[in-house]
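Working notes for the structure below.
The values are calculated or read from the model by the stated rules, or taken from the named source; none is laboratory data. All values derive from a computational prediction rather than experimental measurement. Heads up, the Cβs are rebuilt from the backbone with ideal geometry, glycines too, and the neighbour counts pull from every protein chain shown.
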Amino acid sequence: MNSNKDIWVFGDYRNYFQNRVTLQILARAVDLFSTTGSSVCAVVFGRDVDEYVAEYIAHGAQKVYVMDDPALNTYSIETYSWLMSHLVKLYKPETLLVGATRFGQEIAPRVAKKLKTGLTADCIDLELDEKGRLVQIAPSFGGNLIAKIITPVQRPQMATIRPGTFQELPHDYDAKGEVICLPVPEDLPKDAIRLITSERRPSEKQKIEDADIVICGGRGMGSKGKFKKLFELAELMNAEVGATRPVVYSEWASHDSLVGQAGKNIKPKILLSFGISGAIQHTSALMGADFIIAVNKNPNATMMKMADLAIVADANQMCLGIIKAIKEKIRT
Ligand SMILES: Cc1cc2nc3c(=O)[nH]c(=O)nc-3n(C[C@H](O)[C@H](O)[C@H](O)COP(=O)(O)OP(=O)(O)OC[C@H]3O[C@@H](n4cnc5c(N)ncnc54)[C@H](O)[C@@H]3O)c2cc1C
């Protein structure tokens, strides 16, 4: 394949903001290719992806190829790998870099196979050789050797890169980039797999009983959709989510997260309590908490009285406000 000089970075925004690998690869690509006349580009598929497009530009992407369409609302390996190889054939970038997340590990080999090119998996560094070819540096033979691999003939040169390998560039609020909006091709093959439903499971890294930070939500969160935001907040704070009995009975959260007489006892350093009245069956399980922050519309709720910090506010709005503030902080 005759290629132009562009460097493409696959926009892996699942689990963003924690997953920073796309930003890290963009930073390395900018560093490596700034003097070669290549454009560093991100490629994003999905639905309502404006936020990620802006992030990639703010972190070094000069161009972003975007396919934003309801048909791409849910991730499908078949569709995404077809689209990626389709676009590569169309635009012929010199290099395609993908984060070695579970997502990247799934999509990159499929794309490489469709394009009949090589792929170095799990790179720990990238360099350029004297001919400007990408040197893909990766552990091999069980980690006993560090291999330097090039792709002498086929294009694009492809590599997946381990998260945390490179340092992302600081967020540049003034950065400008070209956004190329692409329609979904008419000949996009019909997906053989039909997704009926999906739900993000809370992280299983730690048990709620052992967590340093627990975010408990009650009926005052308002709805299952609003309650879900507590999981997003928990991801950002490396916290676990707990729930009251009405929440569990309404299936806003699983039974595993029930805190109280009929559920689990917790002893976090910090407990954030959103929209919980403070019935004894719940509070009896919080006695080991060091510091309690409660958010409730009713200042007289028992939970507010037992809190170290009581905030009279709408629980859902407060949760959204904290999420926004943390994201802003991460960006700077
Ligand atoms: C045998 C038995 C065992 C039980 N075991 C448990 C248990 O293990 N765990 C447990 O949790 N419960 C248990 N319960 C149930 C318990 O008695 C309470 O009913 C329950 O804890 C109340 O949950 P809640 O605070 O979410 O709801 P509610 O009591 O309805 O409180 C909702 C709170 O949200 C506030 N609110 C409403 N809207 C907003 C808003 N927009 N913004 C901010 N705040 C708002 C309200 O002011 C209120 O304080 C048990 C009950 C029995 C009988």
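A few notes on this one:
- Selection status of PRO156, assigned by TED's automatic domain parsing to the domain that holds ARG28 and within 18 Å of TYR91 (Cβ to Cβ): yes
- Inter-residue pairs, beta-carbon under 7 Å, first closer than 20 Å to ILE137 by Cα and in region 100-116, second modelled with pLDDT under 95 and polar (S, T, N, Q), 6+ apart: THR101/ASN19
- Screening region 280-291 for residues that are out of contact with any Gly (no Cβ under 6 Å at 6 or more places or on another chain) and either more than 15 Å from GLY242 (Cα to Cα) or polar (S, T, N, Q) (or both) and picking the one that is surrounded by the most Cβ atoms within 10 Å (Cβ to Cβ) gives THR283.
- Some residue of region 230-237 being touching an Asp or Glu at 6+ places or on another chain (Cβ under 7 Å) and in contact (Cβ under 8 Å) with a residue 60 or more places away in the chain: no
- Among the candidates SER273, SER284, residue that is touching a helix residue (DSSP H, G or I) at 6+ places or on another chain (Cβ under 6 Å) and of a type in the set (Ser, Thr, Tyr): SER273
- Annotation for region 21-36: no member residue is among the aromatic types (Phe, Trp, Tyr), buried (at least 20 other Cβ atoms within 10 Å of the Cβ), within 15 Å of PRO93 (Cβ to Cβ) and under 15 Å from the mean Cα position of the chain (by Cα).
- Of everything in region 254-268 that is in contact with a Gly (Cβ under 7 Å, 6 or more places away or on another chain) and of a type in the set (A, V, I, L, M), the residue that is surrounded by the most Cβ atoms within 10 Å (Cβ to Cβ) is VAL259.
- Qualifying positions in region 44-66 - in a helix (DSSP H, G or I) and within 17 Å of GLN24 (Cβ to Cβ): TYR52, GLU55, TYR56, ILE57, ALA58
- Scan of region 8-40 for residues that are of a type in the set (Ser, Thr, Tyr) and assigned to a loop (DSSP other than H, G, I, E, B), ordered by number: TYR13, TYR16, SER34, THR35, THR36, SER38, SER39
- Filtering region 254-306 to residues that are touching a Lys or Arg at 6+ places or on another chain (Cβ under 7 Å), assigned to a strand (DSSP E or B) and either more than 14 Å from VAL214 (Cα to Cα) or more than 7 Å from the ligand (Cβ to nearest atom) (or both) leaves only PHE291.
- Filter pass, GLN136 being of a type in the set (S, T, N, Q), assigned by TED's automatic domain parsing to the domain that holds GLY11 and not in a helix (DSSP H, G or I): yes
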